[in-house]
Amino acid sequence: QVQLVESGGGLVQAGGSLRLSCAVSGRTFSNYALAWFRQAPGKEREFVGGISWNGGSTFYADSVKGRFTVSRDNGKMTVYLQMNSLKLEDTAVYYCAARQYKGSVILAAGIHYGGWGQGTQVTVSS
């Protein structure tokens, strides 16, 4: 139903910044709440941050609060993840995900999201 394509991953030094993008296609972009997840080597997938359908609400994992920012541009049908002050432990494959929801609650469990991108690798080096 909804398709998502991530881009912007790469290699960055610790303390640096990177901005990920996720292009979203669907019947109506604004119908979807959007979120970012990541999966590090040897770890399970974890929630990073999410944003509501109208951008009015955001929620972040404690590990990235103050460093990462999720935003969306409904005109460009794109959701972003701005990552600052990157740490080695931020190394992971990052995925964007979508669910059809027009409320303000951001859910951190991946099971609630019906659409997933292919992922983009972020590697943080010392």
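The values are calculated or read from the model by the stated rules, or taken from the named source; none is laboratory data. These figures come from a predicted structure and were not determined experimentally. No Cβ is skipped: glycine too gets one built from the backbone with ideal geometry, and neighbour counts run over all protein chains shown. We work out accessible area using only protein heavy atoms, side chains counted, and drop any ligands, DNA or RNA first. Shrake-Rupley method; radii C 1.70, N 1.55, O 1.52, S 1.80 Å.
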Query raised in the report: In the full protein assembly as shown, how much of residue 45 is accessible to a 1.4 Å probe, in Å² to the nearest 10?
Result: 120 Å²
Query raised in the report: How would 88, 81, 11 line up by accessible area, probe 1.4 Å, largest first?
Result: 11, 88, 81
Report summary line: If every Lys and Arg gets +1 and every Asp and Glu gets -1 at its Cβ, then about the Cα centre the chain yields a dipole, in debye to the nearest 20, of 240 debye
Report summary line: Taking the alpha-carbon centre of each part, the distance from the range 33-71 to the range 83-97 in Å is 10 Å
Query raised in the report: If the cut-off is a Cα-Cα distance under 28 Å, which lysines reach residue 43, setting aside same-chain residues fewer than 8 apart in sequence?
Result: 65, 87
Query - Whole-number percent relative contact order across the range 10-112, with pairs defined as alpha carbons under 8 Å at least 6 apart - result: 39 percent
Requested in this report: List the lysines whose Cα lies under 21 Å from the Cα of residue 76, skipping any in the same chain that are fewer than 8 positions away.
Outcome: 102
Query raised in the report: Can you pull out the GluC sites (Glu not before Pro) in the range 1-97 that DSSP calls coil and that have at most 13 other Cβ atoms within 10 Å?
Result: 44
